């Protein structure tokens, strides 16, 4: 009997430990131009980590994002502001009213740096009220990228509301 | 006039003027200096978080010295306000990273909406140029999230294994 209770408690604890009962709606956008296989692999890790988390991946390609912003190449990501990014935020469908987070990632393993920017806050991502967190990590080895991914996920969940 | 001069020399003001600035806090070669840079008073929970951080890292064999940024306040405030990495690299961070250990800078900014959600800057600097290992601007932690701050710092400390090896 005791075993059953323990197993039951364990089973209850297996679900994701996030607030609320809705998955995070997140768009993760690659900002490198795709020509460097290492950069591609680096971004692939970030994207895969979000996809494996308790989240719904909102599709948004680099090309579509840049088109909405009216640019062809990415200027320095860390200098971007709410106002500059807002036009690139995808419109959401009626049955999916919120974008909870937008994650922009610029992996540059050749230059030894990864830069990222996260806009978060349910219902506020396209507004000046969104959290805007900027990251610069001058390491591109696996453990460092793994650490960065955790920080990006934490930033994406800021001000999440179910 | 002479009496005034004697009184001045004996006064606390004269002593204050003559006391040299204290030398930088020594940091062990494998140690970490944590500088906190605040534009608002630390909350009790934040003080406790820094204490916990110091204890946990010390247990892991990394001596930690926690201190206010003091004479580096102006420079480090600018460091967190400049978002362009090229512009940040122009700042003289070598003056902050003296000695042989790494320096972690934590900046608590005033709250935006409430006390429990304060935008935060975190940076890890290493002795060799380029000094910046990581830089985070704008992260907000709730009261309950101070534990996450400790995890963040411990995690990057372990992941980057500074200052034992050069940044890759």
- Query: For segment A:81-162, what does the alpha-carbon gyration tensor say about shape, rounded, prolate or oblate, given a ≥ b ≥ c as the root eigenvalues, a/c under 1.5 as rounded, and a/b over b/c as prolate?
  - Reply: prolate
- Task: Treat segment A:16-162 as a sphere of radius equal to its Kirkwood radius over Cα pairs and apply Stokes-Einstein at 10 °C in a medium of 1.306 mPa s; give the translational diffusion coefficient in µm²/s, rounded to a whole number.
- Result: 104
- Specify the inter-centroid distance of segment B:59-89 and segment A:37-109, based on alpha-carbon positions, in whole Å. 29
- Query: What ranking of B:55, A:150 emerges when the number of other C-beta atoms within 10 Å of each C-beta is taken as an exposure proxy, fewest first?
  - Reply: B:55, A:150
- Task: Return A:154, A:57 ranked ascending by Cβ neighbour count within 10 Å, so the fewest neighbours appear first.
- Result: A:57, A:154
- Task: For a footprinting-style exposure proxy, rank A:80, B:135 by other Cβ within 10 Å, fewest first.
- Result: A:80, B:135
- Task: Per residue of A:137-145, count partner chain C-beta atoms within 10 Å of its C-beta, then hand back the mean as an integer.
- Result: 6
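FYI, it's all coordinate maths here, none of it is from the lab. Keep in mind it's a predicted model, so treat the numbers as computed, not measured. Cβ sites come from the backbone with ideal geometry, for glycine too, and all protein chains shown count toward neighbours.
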